[in-house]
Amino acid sequence: MAQAPKATAPNQLWVAAITSIETKEGWLYLAAILDLYSRRIVGWAMSERIDTVLVLKALAMALLHRSPPANLLFHTDRGVQYASGNYRQALARRA
């Protein structure tokens, strides 16, 4: 079995996920991007909708606060939000 890559410095390896949170006012979705080296959330967004806009907002926050190199390894699940053309274009613009 292959070993997962290990980050030895900030902004080498980011992972992203979406989760749902029940609130008194209803369900919200939280998209977060984690820097595996620092174990810090570098970008996040919340919305009533689980769509591409949600993950694009989290990515925009991460890119605003960090300046990852072009060789950043960025892992997400296979959700349609991350596979969308708009999301892939946003990643390509930063490469």
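Descriptive notes on the structure:
- With Cα atoms, 0 to 90° folded angle of helix 85-94 axis to the chain main axis: 40
- Here the range 13-94 is treated with +1 on each Lys and Arg Cβ and -1 on each Asp and Glu Cβ, and its dipole about the Cα centre works out to around 320 debye.
- Taking the C-alpha atoms of the range 1-86, convex hull volume expressed per residue in Å³: 121
- Given their separation in residues at 0.36 nm each and the Cα-Cα distance between them, residue 88 and residue 4 gain 28.0 nm when the chain is fully extended.
- The range 60-68 - phi-based ³J(HN,Hα) in whole Hz, Karplus 6.51/-1.76/1.60, Gly and Pro as x: 4, 5, 4, 6, 5, 8, 10, 10, x
- Computed over the chain, relative contact order equals 26 percent, with contacts defined as Cα pairs under 8 Å that lie 6+ residues apart.
- Computed extension length for residue 37-residue 24: 1.2 nm, one decimal, from 0.36 nm per residue of separation with the Cα-Cα distance subtracted.
- Note on the range 1-58 and the range 75-91: Cα centroid distance 13 Å, given to the nearest whole angstrom.
- Taking packing as the residue-averaged number of other Cβ atoms within 10 angstrom, the listed peptides 75-84, 57-66, 27-36 run from highest to lowest as 27-36, 57-66, 75-84.
- Low-density loop cleavage sites - trypsin sites (Lys or Arg not before Pro) in the range 1-56, where at most 14 other Cβ are within 10 Å (DSSP): 6, 24, 39, 49
Laboratory data are not the source of any read-out in this text; all were calculated from the coordinates shown. Computed from a prediction, not measured in an experiment: that's the story for all the values here. No Cβ is skipped: glycine too gets one built from the backbone with ideal geometry, and neighbour counts run over all protein chains shown.
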